[in-house]
Every structure is written in structure tokens, then in C-alpha cells.
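This report concerns only the one structure given below.
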Amino acid sequence: MSRLLREPGGPADLSEVELGRRAYRRGRQQRSVLVAALSTVAFAVVMWITLANTPGWPRVQETFFSWEHAVRAFPAVAEGFLLNLRVLAIASVLVLIVGLAIALLRTLRGPVFFPIRFLAAAYTDVFRGVPLILVLYLVGFGIPGLRITDDFIPGEVLGTAALVLTYSAYVSEVFRAGIEAVHPSQRLAARAMGLSHAKTLRLVVIPQAVRKVTPALMNDFVALQKDVGLISVLGAVDAVRSAQIATAASFNFTPYVVAGVLFVLLAIPTVRLTDWYTARVRRREQMGAVV
Amino acid sequence: MSAPLLRLTGLRKSFGEHEVLRGIDLELHAHEVVALIGASGSGKSTLLRTVNLLETIDDGVIELRGDDIADPRTDADRIRSRIGTVFQQFNLFPHLSVIDNVTLAARHVHRVPRARAKSRGLELLDRVGLAHKADDFPDRLSGGQQQRVAIARALATEPELLLLDEITSALDPELVGEVLDLVRTLAEGGTTILMATHEMAFARDVAHRVVFLDGGVIVEQGPPAEVFAAPREERTCAFLARFLG
Ligand SMILES: Nc1ncnc2c1ncn2[C@@H]1O[C@H](COP(=O)(O)OP(=O)(O)OP(=O)(O)O)[C@@H](O)[C@H]1O
Ligand SMILES: [Mg+2]
């Protein structure tokens, strides 16, 4: 509103009618905010009273939402969570690289590349089909079994490898869809000016494909944020495993809730960002951009 | 007369069973402006695409300044960078600003340093009247402005030959004029142009020669005054009657 008023001309130039319209809109807006706040409070109170009056509530509260246990478990869970964050950072970079590489391999044309295309396609089919937990077990217990090295391979390394294997398969499909969605005449225009096949991909096709699939990639990133918690099954001492250890010592489940809260706090900004970006892309497309 | 800039001999091209070009012979001299006319589907675009090697031909010879460029051993990217092309639509790269669109080939094909490519690009944009849009993105431009940028981009590599494929047919009528005016200026400036067009009035005005394509062959060609005023062939008459009403 205030931005509108400051636009060229200034409020002095506005007609009576327009000023009236703006006052009315402002009033409506204030009213909606008030209504939303009231209904939220009312809803929360009803929820609270309902929950608190169930017969088991005191016990559930003590077992899952004990402030004392939360405080005690927090340092260990938070430290474990830092491991999750590291795994997330490394895995997401690797997934982007491997996923894009596989997508590009699948676009290669010509009979020479048949085996490469075939392998890349087989890879995506297999790893999109197998449950992540199975990949974790297979990598976690299979790779050490190969005895490539005598050193002990930490669970977080094996876990990261398994996450990268699975997520690269998803992400390569996303990239491939993006590459195919770039209008063929864009490629033609690039080739017509003498750009080689590789440069056409690098300078024209991939930048456009990446823009098209950014929302989908962000969704996969949110999923990966949660799935980094699964590396705990390979013995990596991450947030989930730390919570498990704390729980085993105290017979109280609050540490799991603490870990859960940390994961949610991590996810909220990404989810918001994804929503915002997706909405922006949609708006641009509806404005009839030539993209 | 000097040797032709472009010479097509016995050019053939099929898509599956459908033979689109059945033996095209055509010569184009430097500074000449030739308009390709013909019904939709007569193969005008296909002919232009074969000339800059975006389609492989089934038979025939394509010579650019005497070199056989259809030979599979030639470096197609090098040849293409000597020929500027503007298509009907979707020409510009939406993820690049106007100036980056114009300088892309110079920088990445001819390896011109960034600063020099940019000053040359701004000159070209100035020539098409769009220097003030250099930093905008294509989706902020009108269709006519987009096509003018596309022409500037095609000129950026200083091509020996400019191929224009119905560059106004996707435009609203009121935007056609600004693009055609630009082509007229280029033609008067001596640029060699081979263009497919449905703008008969424009072809009559600007082209030195009109080539009528039908059934995969050149049915008739000559100066526009002759072809439009007194076509010799039955089929040309029928086509022009439909077009000029
Ligand atoms: N890539 C392709 N694969 C199969 N058939 C094609 C292909 N490109 C063109 N054709 C066919 O070749 C014929 C000639 O097409 P072309 O685009 O050259 O016609 P045109 O004269 O440019 O028509 P218009 O005036 O509508 O642009 C058409 O029948 C078309 O269907
Ligand atoms: Mg065409």
C-alpha cells in the first residue's frame, strides 16, 4: 500500500474515488488479519484442551515432551545433527554433479554411445526402484565386504555414498526432463550460429534446463534433508542415533522429539523458499514470457 | 560476372518417403537479395536449413565461394559461423540478456575478447535501433524488437550470407514494418540475403530476384517485376493469384 502511494505523482494527484477505494481496501485487509489471528488462537485453545483432557496425556507428556530430558539430550543430539548437516552438504553437491552427468550421458546420440546410454538408463531405473533403506544396507555392508581397503570405513561415508546413489537417479531424471523441455529451436538457433554440440549444451540448453527444474530440484533437496537421518542405520552417530542412545539410557523418548524439531527447523526455510520460487516461476509463465 | 557466392546444384532432400527437394539448382552472387516464395510446405525452410548444414542432404552439391560445404569432412561449425541465420520465432536465448545474445557467437565461436565483442555488439544494436535495450532480457521486448535483436545477432559474426526464414510471419501486423525496414536497410547496404517470405509486396520491393518453389523444384525465377507482373508458368500464376487476391 505505502509503496503504491509513493509512486510517481504522489498521493496529492490521486482522485477522491481512488483514495476512497484504498481506504476501503486497507480496512478490509486489517480485518482479515484480525480474523485470522482470532481463529488461530481459538483453534489452538480447543486443541490444547482436547489433548490435555485425554486420560493418557500426562504420561505422554512426560515421555515425549519432558523439558528436563530435552535439555539434557540437546547437546548430544545437536552435535549429531552437525554430522547430518555435513552429510547433507556433501551429498547434495555430489548428487547435483552425478545427476547432471548421468542426464547428459543419456542425451548422447549415435550408435557408439549405446552402451553408455544403456548403462545410464539401467542405473536410473534400478536406483529409482530400490527403497533407500535397502541401498543403505547393501552399500553399508556390501562395500566393506569387498575389502578394497583394510581401513575401517565410517558409517557416514557409506551412508553418504548410498544417498548419492539413490538421489542421483532421481535428480538425473529431473535434469533430463528439463533438457528435453528446452524448445528444439533453441538448439537449432545455437547450432546455426556455429556453436558446437558441447557449447550448445553448456551455454544454451543446460542453463535453461536448470531454470526450468529448480523447483523440482528443491523438492528433492527437502526430501534429502530428511533422509540424511537414515545414515544412523549404518552406525553413524548423527542426530537420530544420538537421540537413540540418550533414549536407551533414560527410557524417555523426548530426545527423538528434539531431533525431529531440529529436522523441521532445517526444512522450513527450504520449503518456504521452494514455494516462493515456484510461485514466482508460475507467475512469470502466466505473464506470457517467451521462455 | 564473378563466381557465385553460393551455388546449389541438383540438391535433393527427403524426409522418409516424402521428397521435399527434388533437384534444386540455384546461384546467389555477392550483394544479391533473393526471395524464396512458395506455398506452405513447399520446402523453403528445408532449403535454407540445408544451406547452413542443419539438414544433411541426400544428393547434390552446395558450394560456398567454390568450396563444397556439404562434404562430410568439412567443419560444419566453421561454415555455419560464416552464415547468419534468423528463424521465424524462438530465436533469442531467454536466459541471456540482449547484449549477451548478440555477442555469444563472437565470444564463443570466434573467441573475440569480451570487451571488444561488447562494443561491437552495442554498435550492432545501435544499428537496429535497440542499443538502449542491451541489458534487458528478451521477454521484456516486443516481437518486432526480438526479431531485430535476432538480426543483430546474426550479423555479429560478419557473415558472408544472411538466411532469413519468414522472420515476420509470427509477428503482429503492426510490428512487421519495423523488421522489414531493417532488412531493407541491410539489403541496400549490400548484405547478401537469401530469404523465405510470404510478404509479396516486400519481396517485390527489395529482392533483386524472386524464386518460386513448388513441388520440390524451382518452377520459375527472375526479377520481381517480371515474375509478379507476368509469370510465365501456370503454377506461378495460380500461386500468385491466391496470394495477391
Ligand atoms: N524434420 C522434418 N521431418 C519430417 N518432415 C519434415 C521435417 N521438416 C520439414 N518436413 C516436411 O517437409 C516439407 C517442407 O517443409 P518446410 O518447412 O521446408 O516448408 P516451408 O516451405 O518452409 O513451409 P512454410 O511456408 O509453412 O514455412 C513439409 O511437408 C514438412 O512437413
Ligand atoms: Mg518455413
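The values are calculated or read from the model by the stated rules, or taken from the named source; none is laboratory data. Please read all numbers here as calculations on a predicted model, not as lab measurements. When we count neighbours, we look across all protein chains shown, and the Cβ atoms used for this are built from the backbone with ideal geometry, even at glycine. Note: accessible area is taken over every heavy atom of the protein model, side chains too, but ligands, DNA and RNA are not part of it. Shrake-Rupley method; radii C 1.70, N 1.55, O 1.52, S 1.80 Å.
Give segment B:51-86 a look and list any residue that's within 13 Å of ligand 2 (Cβ to nearest atom) and either in contact with a His (Cβ under 8 Å, 6 or more places away or on another chain) or more than 24 Å from B:Thr185 (Cα to Cα) (or both), or say none. Scanning segment B:51-86 gives B:Leu54, B:Glu55.
The number of residues in segment B:124-138 being open to solvent by 10 Å² or more (accessible area, probe 1.4 Å) and part of a helix (DSSP H, G or I) comes to 5.
In segment B:50-68, the residue that is nearest to the other protein chains (Cβ to nearest Cβ) out of those that are in a loop (DSSP other than H, G, I, E, B) and within 12 Å of ligand 1 (Cβ to nearest atom) is B:Leu54.
Please verify whether B:Gly129 is on the phi > 0 side of the Ramachandran plot and away from every other protein chain (no Cβ under 12 Å), treating the condition exactly as stated.
Answer is yes for this residue.
The number of residues in segment A:153-192 being within 19 Å of A:Gly229 (Cβ to Cβ) and among the acidic types (Asp, Glu) comes to 1.
When B:Ser45 is tested against the conditions (1) within 16 Å of ligand 1 (Cβ to nearest atom); (2) open to solvent by less than 60 Å² (accessible area, probe 1.4 Å); (3) farther than 20 Å from B:Ile193 by Cα, the lone failure is (3). Of the set (1) out of contact with any Lys or Arg (no Cβ under 8 Å at 6 or more places or on another chain); (2) open to solvent by 50 Å² or more (accessible area, probe 1.4 Å), all apply to A:Asn84 but (2). Within segment B:90-113, identify whether any single residue is more than 9 Å from chain A (Cβ to nearest Cβ), loosely packed, with under 15 Cβ neighbours inside 10 Å and modelled with pLDDT of 90 or more, and answer yes or no. Checked segment B:90-113: at least one residue is more than 9 Å from chain A (Cβ to nearest Cβ), loosely packed, with under 15 Cβ neighbours inside 10 Å and modelled with pLDDT of 90 or more.
Quick test of your reading of the structure: A:Ala70 fulfils all but one of (1) part of a loop (DSSP other than H, G, I, E, B); (2) open to solvent by less than 50 Å² (accessible area, probe 1.4 Å). Name the failing condition by number. Tallying (1) part of a loop (DSSP other than H, G, I, E, B); (2) open to solvent by less than 50 Å² (accessible area, probe 1.4 Å), A:Ala70 fails exactly one: (1). Residues of segment B:75-89 that are open to solvent by less than 20 Å² (accessible area, probe 1.4 Å) and more than 7 Å from chain A (Cβ to nearest Cβ): B:Ile79, B:Ile83, B:Gly84, B:Val86. Answer with yes or no whether B:Ala35 is of a type in the set (Gly, Ala, Ser), crowded, with 20+ Cβ neighbours inside 10 Å and within 16 Å of ligand 2 (Cβ to nearest atom). Judged against the criteria, B:Ala35 is a match.
Please verify whether A:Leu188 is over 21 Å from A:Phe74 (Cα atoms) and at the interface with chain B (Cβ under 10 Å from one of its Cβ atoms), treating the condition exactly as stated. So A:Leu188 passes the test. Within segment B:144-174, if we keep just the residues that are assigned to a helix (DSSP H, G or I) and within 16 Å of ligand 2 (Cβ to nearest atom), the residue that is farthest from B:Ile79 (Cα to Cα) turns out to be B:Gln147.
May I ask you to list pairs of residues, at least six apart or on different chains, whose Cβ atoms are under 7 Å apart, with the first in segment B:149-167 being within 12 Å of chain A (Cβ to nearest Cβ) and within 16 Å of ligand 1 (Cβ to nearest atom) and the second being polar (S, T, N, Q) and not in a loop (DSSP other than H, G, I, E, B)? Sorted first by the residue in segment B:149-167, then by its partner, the pairs are B:Leu163/B:Thr85; B:Asp165/B:Ser45. Cβ separations smaller than 9 Å between residues 6+ apart or across chains give the following pairs from segment B:207-221 residues that are surrounded by fewer than 18 Cβ atoms within 10 Å (Cβ to Cβ) to residues that are of a type in the set (Lys, Arg) and modelled with pLDDT of 90 or more: B:Gly215/B:Arg22; B:Val217/B:Arg22.
Does segment A:207-226 contain at least one residue that is outside any helix (DSSP H, G or I) and without any contact (Cβ under 8 Å) to a residue 12 or more places away in the chain?
no
B:Val112 versus (1) in a loop (DSSP other than H, G, I, E, B); (2) under 30 Å from B:Val217 (Cβ atoms); (3) away from ligand 1 (no atom under 16 Å from the Cβ); (4) not charged (D, E, K, R): which is the lone unmet condition? In the conditions (1) in a loop (DSSP other than H, G, I, E, B); (2) under 30 Å from B:Val217 (Cβ atoms); (3) away from ligand 1 (no atom under 16 Å from the Cβ); (4) not charged (D, E, K, R), B:Val112 misses (2) alone. Only one of the listed residues (A:Phe253, A:Phe263) is under 24 Å from A:Arg59 (Cα atoms) and not basic (Lys, Arg). That residue is A:Phe253.
Taking first residues from segment B:36-49 that are within 14 Å of another protein chain (Cβ to nearest Cβ) and under 17 Å from B:Leu6 (Cβ atoms) and partners that are β-branched (Val, Ile, Thr) and more than 6 Å from ligand 1 (Cβ to nearest atom), no Cβ contact under 6 Å between residues at least 6 apart in sequence or on separate chains turns up. In this structure, does B:Leu141 turn out to be facing chain A (nearest Cβ under 10 Å), buried (at least 18 other Cβ atoms within 10 Å of the Cβ) and farther than 18 Å from B:Ile167 by Cα? Criteria not met by B:Leu141.
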